[in-house]
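What follows is one structure encoded as structure tokens, with my remarks underneath.
The values are calculated or read from the model by the stated rules, or taken from the named source; none is laboratory data. Predicted model only: the values in this text are computed from it and were never measured. Glycine also receives a Cβ, built like all others from the backbone with ideal geometry; neighbour counts cover every protein chain displayed. For accessibility, only protein heavy atoms count, side chains too; no ligands or nucleic acids. Shrake-Rupley method; radii C 1.70, N 1.55, O 1.52, S 1.80 Å.
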Amino acid sequence: MILGERHLMPLLNGLADLDTTTISVAHPAEEIGELLRVRLDDSTEATVSVSTGRYTYEDARDEVERRYGEAAYEDLPDPQSYVRTLIAGGLFDVANRDDIDRFLRRHGHPDLEAGHDPVMAGLDTNLFGWRMPAVLGLDPAWGSQQDEGDDERPPVTGFVLSSGVKEELDWYYKHHDTRELTDAFGDAFERLTNQPAGKNRSGFLGLYEFRDLMGQRQTDFTDSDTGDEAIVEGYREYAADHRKEVVLFSNDTGFVERATDAGLRAQKVAFPPDVPKRATVSWETLCSLVYMLAVVFGVVTLPKATLYGVWNGKDGKHWEGRELALEVRSPKLAERLERDQQIVGAYQEM
């Protein structure tokens, strides 16, 4: 069964209907095991406990390398990418939220009706793949997170995208032989043949996030070569040639300093070294979190079901539609999901 990120809700509902209100989200590898434990508190909220924190995960990943070798080790996200996945999924926030909010209060929220120049946000390559437009509240389509009295204006007018960033995102490596993965993680990983390997999965997330922004009405484009110097120069030339302000975001201090020296406004986005142990989120956020984990890890297991973030035959339309493959291990759950999918399909056709 193929289902989109936002259609994971019937899976949660189906588990709840079967009295499975405590859900383990796990990686199939014995060394990794349970990542999160979720308690479905009611129909709107869920309590998520982090069973495997950053440093515990790092030790477990090292054990995978010792036991199974480099291929299995490299297929697992590095510890910092694990933390970023939890942030991208909406479980926790970036480390320097206050600094970012101050930066946006100072340089964002243009009043176009009062004659202010539009403010366009640009992202460095290292932020794509982690849903920063939504996490940082930048996307005008998502509304705004500013304080009361800001007239509900979004922090930026739109985005300016760099061809240099696009080229840096446009690379990938596929699994051509999954035998080492199946030896380490189990037969489920047979389905990863000819699919992106390891960190390339987060690269694909970044590439399709870039493409998604390209399709928005409020997006401009600037040409540049790859590398920080060329990308920053491309943004500088764009700002000089258009009556628009540019605000840049990067996880790289060097990129921020280079942009500032070029006369641009730039802000670092910092990620925490580890994450808290618990958070309460909406079921909708939980769907996003499970989707991100499934893609970045390739495969995750839930009670009565296995979710494939990548699988044989996954193509660009699946990536664009944020879709997963679902393998149900319970006849009762399968029956409920089939019924709910028919209802969702009929509703979408109306």
Using alpha-carbon coordinates alone, the radius of gyration and Dmax of region 1-70 in Å work out to 15.1, 43
What helices does the chain have that are whole DSSP H segments, at least 18 Å long along their own axis by Cα, and with mean Kyte-Doolittle hydropathy of 1.0 or more?
-> 283-297
Between residue 270 and residue 6, with labels modelled 7 Å along Cα→Cβ, what's the label distance in nm to one decimal, could you check?
-> 3.5 nm
Per residue accessible area in Å² of region 197-333, where ligands, DNA and RNA are left out and the probe is 1.4 Å | 43 Å²
Just list whichever of 166/199; 199/268; 174/314; 174/199; 166/314 have alpha carbons separated by over 19 Å in the model shown.
-> 199/268; 166/314
Find which of 270, 288, 219 sits farthest along the positive direction of the dipole of region 212-344, computed with +1 on the beta-carbon of Lys and Arg, -1 on that of Asp and Glu, about the Cα centre.
-> 288
55, 235, reordered so the largest accessible area comes first (probe 1.4 Å) | 55, 235
Evaluate the distance, in nm, between pseudo-label points positioned 7 Å from the Cα of residue 329 and of residue 16 along their respective Cα→Cβ axes.
-> 2.3 nm
At 1.4 Å probe size, with no ligands or nucleic acids counted, give the accessible surface of residue 22 in Å², nearest ten.
-> 70 Å²
Where both residues lie in region 179-323, what percent of DSSP beta bridges are antiparallel, nearest 5?
-> 50 percent
Two-decimal Rg to Rh for region 200-284 - Kirkwood Rh, Cα set | 1.05
Within the accessible area of region 1-125 (1.4 Å probe), percent carbon and sulfur = 40 percent
With charges set only on the Cβ (+1 for Lys and Arg, -1 for Asp and Glu), what does the dipole of the chain come to about its Cα centre, in debye to the nearest 20?
-> 680 debye
Order by accessible surface, 1.4 Å probe, largest leading, for residues 250, 330 comes to 330, 250
Computed FRET efficiency, Cβ-Cβ of residue 241 and residue 47, R0 45 Å: what is it to the nearest 0.05?
-> 0.35
With runs of 4+ DSSP H residues as the only contributors, calculate the mean residue ellipticity of the chain at 222 nm using -39,500 (n - 2.57) per run, divided by the residue total and rounded to the nearest 500.
-> -12500 deg cm²/dmol
Residues listed by number, region 202-219, amide nitrogen under 19 Å from residue 116 label point at 7 Å toward C-beta | 218-219
Which whole number in µm²/s is D for the chain by Stokes-Einstein, with the Kirkwood Rh taken over Cα pairs at 25 °C and 0.890 mPa s?
-> 115 µm²/s
Counting DSSP beta bridges in the chain, what percent are antiparallel, to the nearest 5?
-> 65 percent
Rounded percent of accessible protein surface that carbon and sulfur make up, region 192-296, 1.4 Å probe = 42 percent
Mind grabbing the accessible area of residue 45 for me, 1.4 Å probe, Å², rounded to tens?
-> 90 Å²
Just subtract the alpha-carbon distance of residue 170 and residue 134 from 0.36 nm times their residue separation and send over the number in nm, one decimal.
-> 10.8 nm
Leaving out ligands and nucleic acids, note down the accessible area per residue over region 14-148 with a 1.4 angstrom probe, in whole Å².
-> 43 Å²
How do 304, 166, 317, 277 rank by accessible surface area computed with a 1.4 Å probe, from largest to smallest?
-> 317, 277, 304, 166
How much accessible surface area, in Å² rounded to 10, belongs to the heavy atoms of residue 214 with a 1.4 Å probe?
-> 100 Å²
How high is the relative contact order of the chain, given as a whole-number percent (alpha carbon pairs under 8 Å, six or more residues apart)?
-> 26 percent
Per the charge dipole of region 99-252 (beta-carbon charges, Lys/Arg positive, Asp/Glu negative, Cα centre), the residue among 205, 130, 249 reaching farthest to the positive end is 205
